[in-house]
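Trainee: Supplied in structure tokens, the structure appears directly below.
Read the figures in this text as sums done on the coordinates, not as results from a lab. Note that the structure is a prediction, hence the values are computed from the model and not measured. Please note: Cβ atoms are built from the backbone with ideal geometry, for glycine as well, and neighbour counts cover all protein chains shown.
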Amino acid sequence: MDIIEKKLKDIQTFMKLTYGIVPVVAGADKFTNLLTQWPEYLNPTLANLLPVSSNAFMMIVGVIEIVAGILVLMKPKQGAMVVCAWLVLIALTLLASGRFLDVAVRDLVMAGGAFVLVVLSEIVGKLDSKK
């Protein structure tokens, strides 16, 4: 394995751990609200349309985030695409609400990073299949 292949795999591993662990932690926190009060981030218009409370909805979101994080750890290319789409959707709901715009921008940047993990996982997969 040449140095470039090793570096690509190291970067993919780092990004896989980042985009795997962070959604699991954020998802788990939807049940405890230790990091923040997650229901406050829900677009009020959307919250009024829900058949459940904002807190219950955030717990459902937490389960989805945990599953997405585990998927990244097991199948980085597919999982990172799910996380990328999820982050874009979160950012769009925040932008639509006109609140937490800094978080919306951060989530769009993180979505870009998740997309990079998708592409990087394709490259690493092709390198592995050549051996």
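Trainee: So, counting K/R as plus one and D/E as minus one, what does the shell of residues with Cβ under 14 Å around ASP29 add up to? Before the final figure, lay out each step's value.
Mentor: Working: positive: LYS30; negative: GLU40, GLU65.
Once positives and negatives cancel, what remains is -1.
Trainee: Under the rule of -39500 (n - 2.57) per DSSP H run of 4 or more residues, summed and divided by the residues of the chain, what mean residue ellipticity at 222 nm is obtained, to the nearest 500 deg cm²/dmol?
Mentor: On the way: 5 runs with 105 residues, N = 131.
Taken over the chain, the calculation gives -28000 deg cm²/dmol.
Trainee: Further question: Where is the GNM fluctuation largest for the chain (alpha-carbon springs, 10 angstrom cutoff): LEU94, LEU120, LEU35?
Mentor: LEU35
Trainee: If a paramagnetic tag sat 7 Å from the Cα of GLN37 along the Cα-Cβ line, which residues of the stretch 48-85 would have the backbone N under 17 Å from that point?
Mentor: Residues passing the 17 Å test: 48, 53-59.
Trainee: Would you order VAL118, VAL109, VAL67 from fewest to most other beta-carbon atoms within 10 Å of each residue's own beta-carbon?
Mentor: On the way: VAL118 19, VAL109 12, VAL67 15.
Least crowded to most crowded, the residues run VAL109, VAL67, VAL118.
Trainee: Given labels modelled 7 Å from the Cα in the Cβ direction, how far is it in nm from LEU49 to ILE21?
Mentor: 3.6
Trainee: What is the magnitude of the charge dipole of the stretch 3-129 about its Cα centre, with +1 placed on the Cβ of each Lys and Arg, -1 on the Cβ of each Asp and Glu, and no other charges, expressed in debye to the nearest 20? Intermediate results must be reported in sequence, preceding the final value.
Mentor: Numbers: 10 positive and 9 negative charges, 55 e Å.
Taking the Cα centre of the stretch 3-129 as origin, the dipole is about 260 debye.
Trainee: Still on this structure, I have one more. Counting only other residues whose beta carbon sits under 15 Å from that of PHE100, what net charge do I get with K and R as +1, D and E as -1?
Mentor: On the way: positive: ARG99, ARG106; negative: GLU40, ASP102, ASP107.
Surrounding charge for PHE100 is -1.
Trainee: Can you work out the FRET efficiency for the pair GLU122 and ILE3, with r the C-beta to C-beta distance and R0 = 22 Å, to the nearest 0.05?
Mentor: Numbers: r = 20 Å, r/R0 = 0.92.
Once rounded, the FRET efficiency stands at 0.60.
Trainee: If you don't mind, there's one more thing I want to ask. Rank these for me by crowding, SER53, SER129, SER121, SER97, going from fewest to most other beta carbons within 10 Å. If you can, show how the numbers build up before the last one.
Mentor: On the way: SER53 11, SER129 7, SER121 21, SER97 17.
Least crowded to most crowded, the residues run SER129, SER53, SER97, SER121.
Trainee: What does the charge count near GLU5 come to, summing +1 for each Lys or Arg and -1 for each Asp or Glu among other residues with Cβ under 11 Å from its Cβ? Display every interim value, and only then the final one.
Mentor: Details: positive: LYS6, LYS7, LYS9, LYS126, LYS130, LYS131; negative: ASP2, ASP10, ASP128.
For residues surrounding GLU5, the net value is +3.
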